[in-house]
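Working notes for the structure below.
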Amino acid sequence: MAEKRSDYSLPLPVRRALRKLGRDIRDARLRRRIPAALVAERASISRTTLFKLEKGDPGVSIGIIGTVLFVLGLGDRLGKLADIKHDEHGLALDEERLPKRIRPKRRRPPAETD
């Protein structure tokens, strides 16, 4: 597959991750012994689009990726991509910002009325 000019603007780790995602989706389809034509039909996309996804083309929309994952029975994984429970860096930053001590608020005496 010849790289398009827009591919160069993507960071190398992103391009690698997209290719890996495409290979993983292709492997999942093959393990399930589902023909590409059937996955494409169930996802309401063309076989060409499915093959682009399986090659890691960055132009394939996240909606199509999600639909293909759903067709393969892997739809629940899409929601876990940026799950805060698995964001170790973000959780560490939150923990650093926790106060060292918590002081009780001082109570004001009731205002006097005339």
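The values are calculated or read from the model by the stated rules, or taken from the named source; none is laboratory data. Source: prediction; values computed, not measured. In this analysis, Cβ positions are derived from the backbone assuming ideal geometry, glycine residues included, and neighbour counts consider all displayed protein chains.
Some notes on this structure:
- When segment 41-63 is filtered for residues that are part of a helix (DSSP H, G or I), under 15 Å from the mean Cα position of the chain (by Cα) and over 19 Å from residue 82 (Cα atoms), only 53 remains.
- Verdict on residue 94 being among the acidic types (Asp, Glu), under 20 Å from the mean Cα position of the chain (by Cα) and farther than 25 Å from residue 10 by Cα: no
- Cβ-Cβ under 6 Å pairs, at least 6 apart or on other chains, segment 86-114 side on the phi > 0 side of the Ramachandran plot, far side among the β-branched types (Val, Ile, Thr) and surrounded by 10 or more Cβ atoms within 10 Å (Cβ to Cβ): none
- Of all the numbered requirements in (1) out of contact with any Phe, Trp or Tyr (no Cβ under 9 Å at 6 or more places or on another chain); (2) closer than 19 Å to residue 17 by Cβ; (3) of a type outside the set (Lys, Arg); (4) modelled with pLDDT of 95 or more, residue 57 misses one, and that requirement is (1).
- Hits in segment 57-85 - residues which are free of Cβ contacts under 8 Å to residues at least 12 places away in the same chain and crowded, with 18+ Cβ neighbours inside 10 Å: 60
- Residue check for residue 54: among the charged types (D, E, K, R) and exposed (fewer than 11 other Cβ atoms within 10 Å of the Cβ): no
- Yes/no for residue 38 being modelled with pLDDT of 85 or more, within 15 Å of the chain's Cα centre (by Cα) and not β-branched (Val, Ile, Thr): no
- Residue count for segment 64-85 satisfying the condition of being on the phi < 0 side of the Ramachandran plot and either among the aromatic types (Phe, Trp, Tyr) or assigned to a loop (DSSP other than H, G, I, E, B) (or both): 6.
- Residue within segment 60-69 that is modelled with pLDDT under 95 and of a type in the set (Ser, Thr, Tyr) present: no
- Across segment 1-16, the qualifying residues are those that are surrounded by 14 or more Cβ atoms within 10 Å (Cβ to Cβ) and assigned to a helix (DSSP H, G or I), and the one among them that is modelled with the highest pLDDT is 15.
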